[in-house]
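Student: Can you read through this structure? Questions will come right after.
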Amino acid sequence: MSTDCALVIGNKNYSSWSMRPWVWMRHHNIAFKEHRIALYTNETSTRIAEYGCGSTVPILVDGDIKVWDSLSILEYLADKHSDCSGWPAATRARAHARSVSAEMHSGFMALRSEMPMNCRRKIEGFTVTDEVQKDIDRLNTIFSDCRKNYASGGEWLFGEYSIADAMFTPVVMRFNTYGVSLEGDAENYLDTVRNQSAVVEWMADSRQEIEVIESEEL
Ligand SMILES: N[C@@H](CCC(=O)N[C@@H](CS)C(=O)NCC(=O)O)C(=O)O
């Protein structure tokens, strides 16, 4: 992909949706320009609207093609870069990866609203509500099942790195901030994500940001 390709993202500290395609592209060493728009300022909506495709980030601009929505961007990139790992190759694993990714994309509302992503922050003694605990338990099951079934192929959810890992990366950042641990293989998977060089880079960048979004600071 030429550097005509740009990824429009929000603040690295807070923008969980932006993190997904950014990390996937960095993991695969795909060249892109980064256009950053600070969220929740007086200019945010105008700056996003300039791209002419919806009111949220991330947005991928690839020449004259624009793609918005984190999952659509990942799908587009995987189609374009068939040498990079998008969905797993095997039919069963592919169906599984698509299902858990869609589940992440459309669910986990309690976890999202009560544990907003805030990469640079560590909160001691966070109280997990019953609704959030249900989401955490479900994530524990998803990660454990994946690792049980696909560990022979590598350290990621489906063995080789895939779109599914990018989809769940922001959840791992939330767990860091609010002090959530999982069990056994699921916790080991969290460590794999934490140690991924693209994630380490994103987190370092997030610590350089100076904006504070009060609504995301519990
Ligand atoms: N479904 C979208 C959701 C994107 C989204 O909600 N992005 C937030 C930032 S993380 C946003 O752009 N908010 C802008 C605003 O609220 O003004 C995706 O996956 O890309």
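The values are calculated or read from the model by the stated rules, or taken from the named source; none is laboratory data. The model shown is predicted, which means the values in this text are computed figures rather than measured ones. Counting neighbours? That spans all protein chains shown, and the Cβs are built from the backbone with ideal geometry, glycine included. Each accessible area value is taken on the protein alone, full model and side chains, heavy atoms only, with ligands, DNA and RNA left out. Shrake-Rupley method; radii C 1.70, N 1.55, O 1.52, S 1.80 Å.
Student: Restricting attention to the range 27-60, which residues are surrounded by 18 or more Cβ atoms within 10 Å (Cβ to Cβ) and not in a loop (DSSP other than H, G, I, E, B)?
Tutor: Those that are surrounded by 18 or more Cβ atoms within 10 Å (Cβ to Cβ) and not in a loop (DSSP other than H, G, I, E, B): HIS27, ILE48, ILE59, LEU60.
Student: Same structure again: List the helices (runs of 4 or more DSSP H) inside the range 61-122, counting only whole elements, that have at least 1 residues being within 12 Å of the ligand (Cβ to nearest atom) and open to solvent by 50 Å² or more (accessible area, probe 1.4 Å).
Tutor: Details: elements: 70-80, 91-106, 109-114.
In the range 61-122, 70-80, 91-106 are the helices (runs of 4 or more DSSP H) which contain 1 or more residues that are within 12 Å of the ligand (Cβ to nearest atom) and open to solvent by 50 Å² or more (accessible area, probe 1.4 Å).
Student: Which residues, counting only those in the range 123-142, are polar (S, T, N, Q) and either within 27 Å of ALA198 (Cβ to Cβ) or crowded, with 16+ Cβ neighbours inside 10 Å (or both)? Let's see the steps before the verdict.
Tutor: First, pick out the residues of the range 123-142 that are polar (S, T, N, Q): 127, 129, 133, 140-141.
Within the range 123-142, ASN140, THR141 qualify.
Student: Give the range 134-170 a look and list any residue that's of a type in the set (Val, Ile, Thr) and touching a Lys or Arg at 6+ places or on another chain (Cβ under 9 Å), or say none. Give the derivation first.
Tutor: Initially, the range 134-170 is screened for residues of a type in the set (Val, Ile, Thr), giving 136, 141-142, 163, 169.
Those that are of a type in the set (Val, Ile, Thr) and touching a Lys or Arg at 6+ places or on another chain (Cβ under 9 Å): ILE163, THR169.
Student: Would you point out which residue out of ILE210, ILE142 is without any contact (Cβ under 8 Å) to a residue 60 or more places away in the chain and in a helix (DSSP H, G or I)?
Tutor: ILE142
Student: Considering the range 1-41 alone, what residues qualify as being more than 16 Å from the ligand (Cβ to nearest atom), among the β-branched types (Val, Ile, Thr) and within 21 Å of GLU211 (Cβ to Cβ)?
Tutor: Across the range 1-41, there are no qualifying residues.
Student: Which residue, of SER113, SER152, SER99, SER106, is hydroxyl-bearing (Ser, Thr, Tyr), free of Cβ contacts under 8 Å to residues at least 40 places away in the same chain, under 21 Å from SER206 (Cβ atoms) and not assigned by TED's automatic domain parsing to the domain that holds LYS80?
Tutor: SER113
Student: Then there's this: Going through ASP145, ASP165 one at a time, which residue ends up being surrounded by fewer than 16 Cβ atoms within 10 Å (Cβ to Cβ) and within 24 Å of TRP24 (Cα to Cα)?
Tutor: Values: ASP165 fails: surrounded by fewer than 16 Cβ atoms within 10 Å (Cβ to Cβ).
Testing whether each residue is surrounded by fewer than 16 Cβ atoms within 10 Å (Cβ to Cβ) and within 24 Å of TRP24 (Cα to Cα) leaves just ASP145.
Student: May I pose another question? Only one of these is at pLDDT 95 or above and either among the charged types (D, E, K, R) or outside the structural domain of SER113 (by TED's automatic domain parsing) (or both): GLN208, GLN196. Name it.
Tutor: Of the residues listed, the single one that is at pLDDT 95 or above and either among the charged types (D, E, K, R) or outside the structural domain of SER113 (by TED's automatic domain parsing) (or both) is GLN208.
Student: From the list ARG47, ARG121, ARG98, ARG112, which residue is at pLDDT 95 or above, over 26 Å from GLU211 (Cα atoms) and of a type in the set (D, E, K, R)? Walk me through it before giving the result.
Tutor: Numbers: ARG47 fails: over 26 Å from GLU211 (Cα atoms); ARG121 fails: over 26 Å from GLU211 (Cα atoms); ARG112 fails: over 26 Å from GLU211 (Cα atoms).
Being at pLDDT 95 or above, over 26 Å from GLU211 (Cα atoms) and of a type in the set (D, E, K, R) holds for just one of ARG47, ARG121, ARG98, ARG112, which is ARG98.
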